[in-house]
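Values quoted throughout were computed directly from the atomic coordinates according to the rules given, and no laboratory measurement underlies them. All values reported here derive from a predicted model rather than from experimental measurement. Note that each Cβ is placed from the backbone with ideal geometry, even for glycine, and that neighbours are counted across all protein chains shown.
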Amino acid sequence: MSVRRLLFWAHLIVGITVGLGVAYMAATGTILAFQTQIVHFAERGIKPSVPSPGEVCAVPSAILISAQAQSGQAATAVQLFSDPGVPAQVTLQGDATLLVDGCTGKVLGPGASRLRIFFNSVRDLHRWVALSRGQHEGLRYVKDAANLGFFFLLLSGLILWFPRRWRAANLKSAFTFRRNLAGRAREWNLHNIAGFWLAVPLLIISATGSIMAYGWANGLLYQAAGTPLPTAPAERPMQHGSLSDLTLLDPLIARAKLQDARWYSLSLRMPGEKDKNVTFSIDDGKGGRPQERAQLVLSLKNAKVVRWEPFGSQPRGRQWRLYARYLHTGEFFGATGQLIALIAALAALLLVWTGFSLALRRLAAWRKRTVKVEQKVALEMV
């Protein structure tokens, strides 16, 4: 058996083994592709009042106090925006969200809270196979292994795609969609063109997914960057939303705004009573570009800077890790990148469908040949 034949059978067996896992990741990834834009569109009618010149806005703690008073739930996180036309977002226990006027502190409503919860659930399914608020480690391992198998399928598929003879007719059948085909020939054509044209984005999505899923893959990234792998911080129980005096956050938020004059959004998770520091995420853009993000840690006691980490000051390995995160979703290249990621996810579904169909057709043909051979042998024995 030739090497090409061995590679084909390996491609077929791995494809049958991991196909459903690939379809699962592609389906959930398709739903998440334009999550931010969909939520913004659903909330397009909710606008804060425009502050009049010289109007003094309420302190940030008023936003949290209003949200907690109306919902009867403790806030777990808050995100503020420098644009007065964008409402502040207060996350409550249970992942519900309230939109609040960032200047007056008036609660504007839940917005598309159910839609946000839906996307959060799909995100948890995509990342951790988290069902009913619990992570299923066994299923997550299967999903991550399917992603590795998909990476092999993409590489082996590209090798198998190369025609034995470089003729114009062979290349045309592999490059272009042919409408006049049916059955196996049509599926073969779709399988080839989807695998070829979307190979690069699919390889990037699969590789970055493995970096986020496996410690050894993340370690290889840091090693390639020439950066020592950071030690994981000790885990401690989360106490989000347990801070009783919310006014303690006002000087910290004011200090965080001064730290980066170009800030567009500023977010923090609510500290607990025993926490000494508060961590802020500051973004100079509208998300998706790690170069515009920074992390600021302030002392809860006196608002002094404990740590300031803009993107440029972080180790190269950490920078590459952040690049991987946003390359995976396509957000690094904005809406164009997200569209390419969406098309790639749909192409992965097409590859699974055509791959399974071709495998079933091959099985049916093999059984048909076997029956014919058995009938021929039986006739010869008569």
Calculated FRET efficiency, Arg165 and Asp95, Cβ-Cβ r, R0 51 Å, to nearest 0.05?
0.35
In nm, to one decimal, how far is the Leu203 label point from the Lys172 one, both placed 7 Å along Cα→Cβ?
2.8
Check: C-alpha center the stretch 329-382 vs C-alpha center the stretch 247-298, spacing in Å is 49
Using 7 Å Cα-to-Cβ label points, what is the Ala224/Leu155 separation (nm, one decimal)?
1.1
Under the Kirkwood approximation applied to all pairs of distinct alpha-carbon atoms, what is the hydrodynamic radius of the chain in Å?
24.4
What does the extension gain come out to for Leu115 and Ser52, with contour length at 0.36 nm per residue minus their alpha carbon separation?
19.4 nm
Before rounding to the nearest 500, sum -39500 (n - 2.57) across all DSSP H runs of length at least 4 in the chain and divide by the residue total; then give [θ] at 222 nm in deg cm²/dmol.
-19000 deg cm²/dmol
Once you charge only the Cβ atoms, +1 for Lys and Arg and -1 for Asp and Glu, what is the size of the charge dipole of the chain about its Cα centre, to the nearest 20 debye?
2060
Can you list the DSSP H helices in the chain whose Cα atoms extend at least 27 Å along the helix axis and whose mean Kyte-Doolittle hydropathy is -1.0 or higher?
3-32, 137-161, 334-381
Using Cα pairs closer than 8 Å and at least 6 residues apart in sequence, work out the relative contact order for the stretch 1-90, in percent.
23
Contour excess over end-to-end distance, with Cα ends at Arg186 and Asp245 and 0.36 nm allotted per residue:
14.6 nm
Using square roots of five times the C-alpha gyration tensor eigenvalues, list the equivalent-ellipsoid semi-axes of the stretch 316-370 in whole Å, biggest first.
40, 14, 4
Can you spot the lysines whose alpha carbon is less than 20 Å from Lys301's alpha carbon? Ignore those fewer than 8 places along the same chain.
Lys257, Lys274, Lys276
Extended-chain gain in nm, criterion 0.36 nm per residue less alpha-carbon gap, Trp308 and Lys276:
9.9 nm
